[in-house]
Amino acid sequence: MRTLQFIRRGQPIALVNVPPDRTLLQVLREDLGHTGTKEGCGEGDCGACTVVVGEAENGRIRYRAINACISLAHSMDGKALWTSEDLAQDPLIRPADGAMSTGALHPVQQALVDHHGSQCGFCTPGFVMSLFALYQNEVCQGQPVSRERAVQDLSGNLCRCTGYRPILDAAQQMDALPRWQVNEPELLQKMELLALTSKAPEPDLTYISPTTLAGLLAARTAHPQAQLVAGCTDAGLWVTKQHRQFAQVLDATRVAELTRIDETADHTAIGAAVRLQDAFAALVQRRPQLQTFGARFAGLPVRNAGTLGGNVANGSPIGDSMPLLIALRASVVLASPRGERAIALENLYTGYRQNVMAPDEVLARILVPHPSEGEFLRAYKVSKRQDDDISAVCLVLNLHLEGGLVQAASIGAGGVAAVPARARQAEAALHGQPWTEAAAHQAAQALQAEFTPLSDMRASSPYRSAVLASLVRRFWLESQGLQDVSLDTLRLEALA
């Protein structure tokens, strides 16, 4: 079994005989005895286990806050890792002016102390690490932290006693304290040395992490029983909640061809291993109206670890990316040793978490057509919490309007069937029709007739059905220039 190596506190950490399904949180707390990183929900929801990972990217270090509870330890191989215990102890993190007093706190920690950002303290280490990533990505780049940005970057951290105001105050005041910085040139050198010394004489057959698509396909064929992961934000739950054990893991996140975003004349090709945060950024670049929807996909640590391909291939009926991609008329490219084939995304699924992929196939990339003139697109997510929550209903509507007529309609729905679905009946009701209030009403009725949602802990079947119709109504009102139409407004309108 290959030695797991990463940089922590400026020094290489080497661990042997780490099982392929052992989580990073287990390694930190149980193997290394560093319990500052807390164990809360065990599903990447509360953020108490947040740590920061540093990866070399274009000659710099990219800092990502992730959930240690659902990250496999071996995914840290060759990277840098920080926990809340490291910020004042890492010799590579020092004040920019070189002066340092005994017991000094990092500006992130000091700001939380100054603004009373902690009470019981259980969630505080996670907040510290999300703020540390924000500090490195914004403050150290000379950018002030806005309250809106702080809310977005802390969306994956929950606190039940302090309240968020003092924490957000601390986030905005970090840049008012003396600047601390990571010695990135020295850290990059250490990571390069680590890469040279981590090459095992024999391949590791328990945790396989190829760097090329050819290598991934060969490993997939040779080890069909291996658990394929691409970010592990869902498969990690199988370990923590269902207590599954993986004898072999095949990690796709280092495959060069799968981590690229390529632009062509007519579409954006997003590699299956592109992180969700980067994938949504690429989509927003072409369609700015998706900014809010993308920010509401889980919390930032989940988007920093999870991948678009992983979310699509997993096929959860409540996964938010699939309704969006269906409405954007996206297709997926499946690769195997026999070659590649492309299919419409909605045709990928055959049943609950089942798909058409052969045992030796992997999802290689997602092709998203560029927006066309006359496109009117809206993406709606209805959940109990505004941030860091799973959808009860997700509905994305995309019309191509020309001369007041619906030339084409694409509607993706989630949370209303066993698979992410395309609302073909509602699309047919709109196609070729004048875009009027009556047409919107007819589409809403078709949408309700097309799906029979289940009742579960998130919402009842009648509620989900009613929400579908309300969202079509909202879509119509927004197409007429109304802004910020809420479901509460639509309910009052229905009662009038």
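The values are calculated or read from the model by the stated rules, or taken from the named source; none is laboratory data. Since the model is a prediction, treat every value here as computed from it, not as a measurement. Cβ atoms come from the backbone with ideal geometry, glycine included; neighbour counts cover every protein chain shown.
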Taking region 230-265 and keeping residues part of a helix (DSSP H, G or I), among the β-branched types (Val, Ile, Thr) and under 15 Å from the mean Cα position of the chain (by Cα) leaves 259
(1) basic (Lys, Arg); (2) surrounded by 22 or more Cβ atoms within 10 Å (Cβ to Cβ); (3) touching a helix residue (DSSP H, G or I) at 6+ places or on another chain (Cβ under 6 Å): which one isn't true of residue 365, the others all being true? (3)
Condition broken by residue 211, with the remaining ones in (1) within 25 Å of residue 44 (Cβ to Cβ); (2) in a loop (DSSP other than H, G, I, E, B); (3) under 23 Å from the mean Cα position of the chain (by Cα); (4) of a type outside the set (Gly, Ala, Ser) satisfied: (1)
Residues (in contact with a Lys or Arg (Cβ under 8 Å, 6 or more places away or on another chain) and in a loop (DSSP other than H, G, I, E, B)) located in region 285-314: 296, 297, 306
Looking at 196, 168, which is the one that is surrounded by fewer than 16 Cβ atoms within 10 Å (Cβ to Cβ) and in a helix (DSSP H, G or I)? 196
Restricting attention to region 295-323, and to residues there that are of a type in the set (S, T, N, Q) and at pLDDT below 95, which single residue is surrounded by the fewest Cβ atoms within 10 Å (Cβ to Cβ)? 316
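Given the residues 317, 359, which is the only one that is farther than 25 Å from residue 458 by Cβ, outside the structural domain of residue 233 (by TED's automatic domain parsing), in contact (Cβ under 8 Å) with a residue 60 or more places away in the chain and part of a loop (DSSP other than H, G, I, E, B)?
After applying the criteria, what remains is 359.
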Which members of region 1-46 meet the condition of being assigned to a helix (DSSP H, G or I) and either of a type in the set (S, T, N, Q) or within 25 Å of residue 61 (Cα to Cα) (or both)? 24, 25, 26, 27, 28
Kindly indicate whether residue 284 is outside the structural domain of residue 214 (by TED's automatic domain parsing), without any contact (Cβ under 8 Å) to a residue 12 or more places away in the chain and surrounded by 14 or more Cβ atoms within 10 Å (Cβ to Cβ). yes
Filter result (polar (S, T, N, Q) and without any contact (Cβ under 8 Å) to a residue 24 or more places away in the chain) within region 32-57: 35
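Matching residues to (1) β-branched (Val, Ile, Thr); (2) within 30 Å of residue 20 (Cα to Cα); (3) at pLDDT 95 or above:
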| site | (1), (2), (3) |
| --- | --- |
| 75 | no, yes, yes |
| 109 | no, no, yes |
| 114 | no, no, yes |
| 139 | yes, no, yes |
| 147 | no, no, yes |
Scanning region 89-125 for residues that are among the small types (Gly, Ala, Ser) and more than 29 Å from the chain's Cα centre (by Cα) gives 96, 98, 99, 101, 103, 104
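For every residue, the table says whether it meets (1) of a type outside the set (D, E, K, R); (2) touching a Leu at 6+ places or on another chain (Cβ under 8 Å).
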{"position": "331", "(1), (2)": "yes, yes"}
{"position": "338", "(1), (2)": "no, no"}
{"position": "346", "(1), (2)": "no, no"}
{"position": "352", "(1), (2)": "yes, no"}
{"position": "364", "(1), (2)": "yes, yes"}
{"position": "368", "(1), (2)": "yes, yes"}
{"position": "374", "(1), (2)": "yes, yes"}
Taking into account only those residues within region 439-470 that are in contact with a strand residue (DSSP E or B) (Cβ under 9 Å, 6 or more places away or on another chain) and among the hydrophobic types (A, V, I, L, M, F, W, C), which is surrounded by the fewest Cβ atoms within 10 Å (Cβ to Cβ)? 439
Condition check for residue 173: touching a helix residue (DSSP H, G or I) at 6+ places or on another chain (Cβ under 6 Å) and closer than 22 Å to residue 67 by Cβ: no
Name the single residue that is modelled with the lowest pLDDT among those in region 149-170 being more than 13 Å from residue 106 (Cα to Cα) and of a type in the set (A, V, I, L, M, F, W, C). 161
Anything in region 384-438 that is surrounded by fewer than 22 Cβ atoms within 10 Å (Cβ to Cβ), in a helix (DSSP H, G or I) and touching a residue at least 24 places away in the same chain (Cβ under 8 Å)? List them, or say none. 424, 425, 437
